[in-house]
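**Student:** Can you read through this structure? Questions will come right after.
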Amino acid sequence: MIAATERREEGRERRAALGAVVVALLCFGIGHSLAARSEWSQADRAQMRLLLSPPEDGRIAGGIELLLDPGWHTYWRNPGDSGVPPAFDFSGSENVASVEVLYPAPSRYDDGASVSLVYHEEIVFPLSITPEASDRTVTLRVKAAFGVCSEVCIPTRASAEVELPVGATADPLAGARLARFLPYVPKAPEPGRFDIERVADGADALIIDVRMPDSSYSDLFVEPPAGWYLPQPVFVSRDEGVSRYRLLLAGRPADAIIGGHTFRFVAAAGGEAIEESIVIE
């Protein structure tokens, strides 16, 4: 998700931001600040907690925060060649009508044998929560199943619970953690600046042209149709702001026709990402 130089710069920015958050917590009062964060739930090589913010326009912003042991990673909704996609169950919640889980753009991890789409050491999955009634406390409960990997891979589980009373005040730390990862959630494409300009069927591969901002880091990820086991796109070239990628189709079902199928692409460049579904003609 972030190039090495950008990680170092973000590390400095994060330390400065956390310093500001500590000051805010001391001024605001620790009792209030804990209202929108659950306790940490321990899992194999990881810990998890829930974050919530007061409602705006009838919806509540939240997050599932995972911290992994150094050197460990977990997976995007499409894990790539190997891995376990995360699964979240909110059915035990109270005064919750719906929960939408948002997935920040991942990083490409090539171990020499396979390519996986991962998050290294920390991630917040932002949530968009609709309560059943605005005049009652929201209790959000989640049961999570996810994989963590380093030299070995471990399927693990964790659960967490947090309450958001009516009239709760914003938690600065929860807000800071959400703000850290929200920019990496893919947004709608911006034609002429950041979008999928062309997808062409090359018989054994798709050729994808992506107009994206200049950046020291950029990448393209794909979610193919259900039942298609494809590799990730490979960078080919860049010319006048357009990056070309090639997606091999060898893993499609036997005799499958490309036309009419939908591919969902996520493109990342620097600190932003877009998502676009393309129906192949």
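FYI, it's all coordinate maths here, none of it is from the lab. Quick caveat, the model's predicted, so the values are computed rather than measured. Cβ sites come from the backbone with ideal geometry, for glycine too, and all protein chains shown count toward neighbours.
**Student:** Order the peptides 256-266, 214-224 from the highest to the lowest mean number of other Cβ atoms within 10 Å of their residues.
**Tutor:** Result, highest mean first: 214-224, 256-266.
**Student:** Also: Say each of ALA256 and GLU190 gets a label point 7 Å from the Cα, pointing the same way as Cα to Cβ; how far apart are those two points in nm?
**Tutor:** 3.3 nm
**Student:** Take the alpha-carbon centre of the range 163-193, take the same for the range 65-140, and report the distance between them in whole Å.
**Tutor:** With the range 163-193 and the range 65-140 each reduced to a Cα centre, they are spaced 14 Å.
**Student:** When you count, for each residue, the other Cβ atoms within 10 Å and take the mean per peptide, how do 36-43, 200-207 rank with the highest first?
**Tutor:** In descending order of packing, they fall as 36-43, 200-207.
**Student:** Tell me the relative contact order for the chain as a rounded percent, counting alpha carbon contacts under 8 Å between residues six or more apart.
**Tutor:** Value for the chain: 18 percent.
**Student:** State the extension gain, in nm to one decimal, for the chain segment bounded by GLN42 and PHE90, taking 0.36 nm per residue of separation less the distance between their alpha-carbons.
**Tutor:** Length difference between fully extended and current span is 15.5 nm.
**Student:** Then there's this: Taking a label point 7 Å from the Cα of LEU248 along the Cα→Cβ vector, which residues of the range 53-95 have an amide N closer than 20 Å to it?
**Tutor:** Residues 79-83 qualify, since their backbone N sits under 20 Å from the label point.
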